[in-house]
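The values are calculated or read from the model by the stated rules, or taken from the named source; none is laboratory data. Quick caveat, the model's predicted, so the values are computed rather than measured. All Cβ positions, even for glycine, are placed from backbone atoms using ideal geometry, and neighbour counts span all protein chains on display. Note: areas computed on protein heavy atoms with side chains; ligands, DNA, RNA excluded. Shrake-Rupley method; radii C 1.70, N 1.55, O 1.52, S 1.80 Å.
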Amino acid sequence: MIRAVLFDFGGVILASPFEAFAHYEQAKGLPDAFIRGLNTQNPDANAWARLERNEVTFDEFCRLFEAEAEAAGHRIDARDMLALISGDVHPPMVEAVRRCKKEGLSTGLLTNNWVSLEERPQAVEDRSGVLALFDVIIESSKVGVRKPDPRFYELACEALDIQPGEAVFLDDLGINLKPARAMGMTTIKVIDPDDAIAQLESVLEIPLR
């Protein structure tokens, strides 16, 4: 029996940061998916991973990330790149969260981030109280682990007092869904938000739109 629905933030509730990466690459004449490729190299110990676990300061991240880019053959201004990441809200997905709560389901937000959401008000400005819809928010920058570390999902289950098999988890990255699925969660990969909502409706057997 499903008791909770867990949502990723960027790429599910918000537009994917990969869109910002693509715009930066196009503007700077970088190869397609260059930045995403950097983040997949040595994924547990690279600059991006360390920033999301709050192991380095923002300035240290910029220096490390720019060095990684240069070693891969191109120069990046990390501050300029990150300034592009904001992400527009997907209103239908927010409505899905709202209806899940109305139906008595617990809701959780599971996000890899580099600054606490409360400390980054511009990230949730004019978003109709999106964060207030979640019973639990698990942030990598606060808990010191990040997806796809299984501990990240365990923390969410502990906070909601559920077993993994009682949760559905939506994320736009297969690498983040794999450990959740191995733990027993039902998983939905978000490629098209409307399609993902339809899949969630099928799992929960309730209307979300």
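The table that follows gives values for the structure above.
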quantity	calculated
Solvent exposure ordering (accessible area, 1.4 Å, most first) of GLU25, GLU166, GLU70	GLU70, GLU166, GLU25
Set of aspartates and glutamates near LYS147 by C-alpha distance (under 18 Å), chain-local residues within fewer than 8 positions excluded	ASP8, ASP44, GLU52, GLU55, GLU139, GLU158, ASP171, ASP172
Cross-link pairs LYS28/LYS178; LYS28/LYS189; LYS142/LYS189; LYS102/LYS178; LYS101/LYS142 - those with Cα-Cα distance over 27 Å	LYS28/LYS178; LYS28/LYS189; LYS102/LYS178
Euclidean distance between Cα centres, segment 1-38 to segment 151-209, Å	18
Residue-level accessible surface for LYS178, protein heavy atoms, 1.4 Å, Å²	140
Inverse of mean 1/r across different Cα pairs in segment 123-209, Kirkwood, Å	14.1
Helix-derived mean residue ellipticity, 222 nm - over the chain, DSSP H n ≥ 4, -39500 (n - 2.57), to 500	-13000 deg cm²/dmol
Student exercise, the chain dipole from Lys, Arg, Asp, Glu Cβ charges, in Debye to nearest 20	280
Sequence-distant residues sharing a close amide H with LEU173 (under 5 Å, placed H)	VAL190
Residues whose placed amide H lies under 5 Å from that of PHE7, excluding near-sequence neighbours	GLY108, LEU109, LEU110, LEU170
Candidate residues SER140, SER202, SER106: accessible-area rank, largest first, probe 1.4 Å	SER202, SER106, SER140
Nearest 10 degrees, 0 to 90: helix 17-28 Cα axis against the chain principal axis	20
√(5λ) per eigenvalue of the Cα gyration tensor, segment 1-88, largest first, Å	25, 17, 12
Largest-first principal axis extents, alpha carbons of the chain, Å	50, 29, 28
Probe 1.4 Å - accessible area at HIS74, Å² to nearest ten	60
Helix 150-160 axis, angle to the chain major axis (alpha carbon atoms, nearest 10°)	40
